[in-house]
Structure formats: C-alpha cells, structure tokens
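Heads up, the thing below is written out as structure tokens.
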Amino acid sequence: MTDVISSQAPATGAQGGSEDGLGPAVTKAVIPAAGLGTRFLPATKATPKEMLPVVDKPAIQYVVEEAVAAGLGDVLMITGRNKSSLENHFDRAWELEEALQAKGDLLRLARVRKSNVLADVHYVRQGDPRGLGHAIACAAHHVGDHPFAVLLGDDLIDVRDPLLSRMIDVQRRSRASVVALMEVPREQIHLYGCAAVEPTGEDDVVRVTGMVEKPDAADAPSNLAVIGRYVLHPRIFEVLATTAPGRGGEIQITDALQTLTDASGEGGGVYGVVFRGRRYDTGDRLDYLKAVVQIACDHPDLGADLRTWLRGFAADLTD
Ligand code: UTP
C-alpha cells in the first residue's frame, strides 16, 4: 500500500489540532538518561555517560540544544541514581560565575551560563532502569495528552543535518507516531530495533508495518535501524502501561510501537523518517571517539590545529 501523508488531515479526537489542519504543536522533549551505561565502564561508574565531554560540552548539552533548535523549549530528563551531575550542569553555578565575572572572563562566563538558560529543564527519576519503554512511560504525567519528542541522551545528531523538525512535521500531518530510521550494514542490525516498511510516495518518509528489537541479520525485515529520535502520539502511554518486558527483560519502546503499527483510530500507525546525515552513538566507545574527532575538526577554535596534527598522525600510521 502506498499512502501519501495528508497535509490537511481533519482535526479529530480529543487532541484537536491547529487552524491549519495539522495536529497539535509539539512543544515538549523527553530525554531518557537513566541507563546504566555498561558499554562505557569504568568511565561511567560514577559519571553518567551523557556527561562525557564531546570536545568542550557534555554530550547531553548537544541533545538539549537540538531540542531547542526544533522549537522544544520544555525538556523533561528521565534520570536515576548517580545522575545528579546532569541536574548540576543545567543549573546555575554561582561560585563559578562570580569567579569568572571577577576576572572579567566574559567569554567563559557566557559559556557557563548557556546551559542554565538554554531550556526549561525538568527531571523525573526512573527508579529501576527497566528499559527505554519504561523510562518513556515515566514522562506520562509531565507530557499529558499531547504529542512529544524523545531524544536519547547518548545519541548525537549533527546540527548541520536537521532531523527532528522533519519528524515533527510528519507527526503533525499524520497524527501518528514517528521514528527516525537509518540504513546500517546488515551485520550491524542486531544492535538496533529494526523496521519493516512500505513507501509513502514522499521522499525519505515510510510507513512502518512492523518493528522488531535487535533481530539476527537473517530474520531482520530490512536494514533500517531505529535511531534515538522519536515523535510520539500520547497513545503510546496507554500501550506502554500494558507492554510486558521483552528482550533482555526490559520494557521495550520497540514492542509498544509494534502494537501501534497495527492500531486503528486516533494515534494509531507509525511512520519513519529515513535519516542520511551524521549521527554519533556516544554510549559506544568507538563511536564516541569518532564523534569527538569529527566535531573537534569543525570547532572554530580548535579545528584548524587539530586537522593539521591529524594529517601528520594519519600519515605516520603503519596499518
Ligand atoms: P542504552 O540501550 O544505551 O542502555 O539506552 P544503557 O543502559 O544506557 O547503556 P549500555 O547499553 O548499558 O551501555 C538508550 C537510552 O535509553 C536510556 C539510556 O540512558 C540511553 O539514553 N535508558 C535506558 C533509560 O533512561 N532507562 C533505561 O531503563 C534504559
């Protein structure tokens, strides 16, 4: 089946919509950051992986900046034990600010202040990290009956390759849920949720017909991996409340979305936006290193010197 998503879908159901015929505006972002970060131990024993520096900012600041750039100024972070440094980072650090002010170091003062004024940041604790689906369910009270975005706190999308605003546009036209997909080599699909899809007639937008968490390559319905951006209809909360633990004994968002792919009525259906830009999984050690090098190469203060050094370093590598 091919279905071009209507840009004039009628306003139906309790959620209503806007005068332009689109679904309600998306204004809230949820950032799950309560995971244990076992792939990065021992660095993440006492420091959340979301706080690992990517050049000169913690990874999670890039994620909050991305949400704000897409118009989502209300951010809810899902945190847990050992995550207080996240809250400190987005709060005022008055003693630092006073010291920098006294020294007249206004450049660094502005950098320190940026994270406190970036967004309206709220927190809720997950308690037990029982999986990404469970973490998202913790946002139900804050989000209410509105569509919302989810950005994984360890997944960076390069600012030059915008994804979230496209996903929000697709969600508002379809009034369904939307996932971000990326083509990966078949031998890597077992690391991701994987989607079975049909074309919609719109470039890089597909209708998702099925989802499976971390399939073996032989069983995978496609090479389209689900990456860490979602724009979800609030019906997801109802589904998550009855989703049993799945793979790894965790409540999987993939399983809840699978239920929605088949659902009819308001909030049923799942679409995918295929992302072809730059993305870094900072929870993975190798990807983290690549993110630091690539982002540093473009950094206004550091890029030129680093690129010069890298050329010499690469030329000296023996294999
Ligand atoms: P991951 O699958 O990367 O799991 O979670 P993890 O536990 O954080 O890391 P590893 O695999 O042990 O190294 C994806 C995202 O979902 C969040 C994580 O913080 C991360 O941003 N998450 C995961 C939660 O918030 N709660 C959970 O129960 C699980």
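Where residues in the stretch 270-298 are surrounded by 15 or more Cβ atoms within 10 Å (Cβ to Cβ) and part of a loop (DSSP other than H, G, I, E, B), which of them is nearest to the ligand (Cβ to nearest atom)?
Gly283
Here are the criteria: (1) open to solvent by less than 20 Å² (accessible area, probe 1.4 Å); (2) within 11 Å of the ligand (Cβ to nearest atom); (3) in a loop (DSSP other than H, G, I, E, B). Tell me which single one Leu36 does not satisfy.
Result: Leu36 fails condition (1) only.
Being open to solvent by 20 Å² or more (accessible area, probe 1.4 Å) and of a type outside the set (Asp, Glu) narrows it down to one residue among Val231, Val208, Val197, Val226; which is it?
Exactly one residue qualifies, and that residue is Val197.
Say we look at the stretch 67-84 and pick out the residues that are open to solvent by 10 Å² or more (accessible area, probe 1.4 Å) and more than 14 Å from the ligand (Cβ to nearest atom); which of these is modelled with the lowest pLDDT?
Looking at residues that are open to solvent by 10 Å² or more (accessible area, probe 1.4 Å) and more than 14 Å from the ligand (Cβ to nearest atom), I get Ser84.
Could you list, ordered by first residue, the pairs with Cβ atoms under 8 Å in which the first is in the stretch 205-229 and more than 16 Å from the ligand (Cβ to nearest atom) and the second is of a type in the set (Phe, Trp, Tyr), at least 6 apart or interchain?
Val205/Tyr271; Val206/Tyr271; Arg207/Tyr271; Val208/Tyr271
Among the residues of the stretch 134-147, is any more than 30 Å from Gly21 (Cβ to Cβ), open to solvent by less than 20 Å² (accessible area, probe 1.4 Å) and either within 14 Å of the ligand (Cβ to nearest atom) or without any contact (Cβ under 8 Å) to a residue 24 or more places away in the chain (or both)? Before you say what the answer is, go through the steps one by one.
In the first step, residues of the stretch 134-147 are kept if they are more than 30 Å from Gly21 (Cβ to Cβ); the result is 134-135, 137-138.
From what is left, the residues that are open to solvent by less than 20 Å² (accessible area, probe 1.4 Å) are 135.
Now restrict to residues that are either within 14 Å of the ligand (Cβ to nearest atom) or without any contact (Cβ under 8 Å) to a residue 24 or more places away in the chain (or both): 135.
For the stretch 134-147, residues more than 30 Å from Gly21 (Cβ to Cβ), open to solvent by less than 20 Å² (accessible area, probe 1.4 Å) and either within 14 Å of the ligand (Cβ to nearest atom) or without any contact (Cβ under 8 Å) to a residue 24 or more places away in the chain (or both): present.
Please go through the stretch 260-269 and pick out each residue that is closer than 19 Å to Ala180 by Cβ and not in a loop (DSSP other than H, G, I, E, B).
Matches in the stretch 260-269: Leu260, Thr261.
Tell me which residues, restricted to the stretch 53-65, are touching a helix residue (DSSP H, G or I) at 6+ places or on another chain (Cβ under 6 Å) and open to solvent by 20 Å² or more (accessible area, probe 1.4 Å).
Val55
For (1) farther than 23 Å from Gly283 by Cα; (2) at pLDDT 90 or above; (3) in a loop (DSSP other than H, G, I, E, B), each residue gets a yes or a no:
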residue	(1), (2), (3)
Ser6	yes, no, yes
Ala14	yes, no, yes
Thr44	no, yes, yes
Ile60	no, yes, no
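Going by what's in this entry, would Leu106 be described as surrounded by fewer than 17 Cβ atoms within 10 Å (Cβ to Cβ), under 25 Å from Ala25 (Cβ atoms) and among the hydrophobic types (A, V, I, L, M, F, W, C)?
no
Residue check: is Asp301 at pLDDT 95 or above and exposed (fewer than 12 other Cβ atoms within 10 Å of the Cβ)?
Details: at pLDDT 95 or above: no; exposed (fewer than 12 other Cβ atoms within 10 Å of the Cβ): yes.
Spelling it out, it is not the case that Asp301 is at pLDDT 95 or above and exposed (fewer than 12 other Cβ atoms within 10 Å of the Cβ).
Does Gly248 satisfy being at pLDDT below 95 and in contact with a strand residue (DSSP E or B) (Cβ under 6 Å, 6 or more places away or on another chain)? Can you show your working first?
Working: at pLDDT below 95: yes; in contact with a strand residue (DSSP E or B) (Cβ under 6 Å, 6 or more places away or on another chain): no.
In short, no.
How about the stretch 129-155: which of its residues are in a strand (DSSP E or B) and either at pLDDT 95 or above or under 13 Å from Phe237 (Cα atoms) (or both)?
Scanning the stretch 129-155 gives Phe148, Ala149, Val150, Leu151.
Do we find a residue being at pLDDT 90 or above, within 16 Å of the ligand (Cβ to nearest atom) and either farther than 17 Å from Gly73 by Cα or not in a helix (DSSP H, G or I) (or both) anywhere in the stretch 114-122?
The answer is yes, given that some residue of the stretch 114-122 is at pLDDT 90 or above, within 16 Å of the ligand (Cβ to nearest atom) and either farther than 17 Å from Gly73 by Cα or not in a helix (DSSP H, G or I) (or both).
The values are calculated or read from the model by the stated rules, or taken from the named source; none is laboratory data. Owing to the predicted nature of the structure, the values given are computational and were not obtained by experimental measurement. Neighbour counts run over all protein chains shown; Cβ positions are idealised from the backbone, glycine included. When the accessible area is computed, the model is the full protein with side chains, heavy atoms only, and any ligands, DNA or RNA have been set aside. Shrake-Rupley method; radii C 1.70, N 1.55, O 1.52, S 1.80 Å.
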